[in-house]
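Enquirer: Let me begin by handing over the structure; questions about it come next.
Each value in this text was obtained by applying a stated rule to the coordinates, not by laboratory testing. What you see is a predicted model, and the numbers here were worked out from it, not measured in a lab.
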Amino acid sequence: MHGTGDLLSGILLGEVASGRSVLDATALAVAIVHDVLDATARRDGDEMALVAAQDMLVAPATCAQVTAL
C-alpha cells in the first residue's frame, strides 16, 4: 500500500514534536496505521481510506505495545 511510510513517519514526527516520548509516539503511530489499513482492506480499495478512517486518526481502536531494545 503506497503511503503507509509517509503516514507512519508523519504521525511519529508530529507526536514527538508535540512532546510525546519516542516509544509512546511509535505505539500511537503503529496503532493508527494499523486501523487505517484495516479500514482500507474492508473497503477493498487500492488507496488508503483516510477519509473513512479519519476518526481513527484521532482515537485509534488498536492499542500497540512498543518495547525499547
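Enquirer: What are the ³J(HN,Hα) couplings of region 14-24, residue after residue, when phi is run through the Karplus curve with 6.51, -1.76, 1.60 and θ = phi - 60°? Round to Hz, x for glycine and proline.
Expert: Here the 3J(HN,Hα) series is x, 5, 5, 5, 7, x, 6, 5, 4, 5, 5 Hz.
Enquirer: May I pose another question? Rounded, prolate or oblate: which fits the chain, taking a ≥ b ≥ c as square roots of the Cα gyration tensor eigenvalues, rounded meaning a/c under 1.5, else prolate when a/b beats b/c?
Expert: It is prolate, given that a/c is not under 1.5 and a/b is the larger ratio.
Enquirer: Also, I was wondering about something else. In deg cm²/dmol, rounded to 500, what helix-only [θ] at 222 nm does the chain give when every DSSP H run of at least 4 residues adds -39500 (n - 2.57) and the total is split over its residues?
Expert: -19000 deg cm²/dmol
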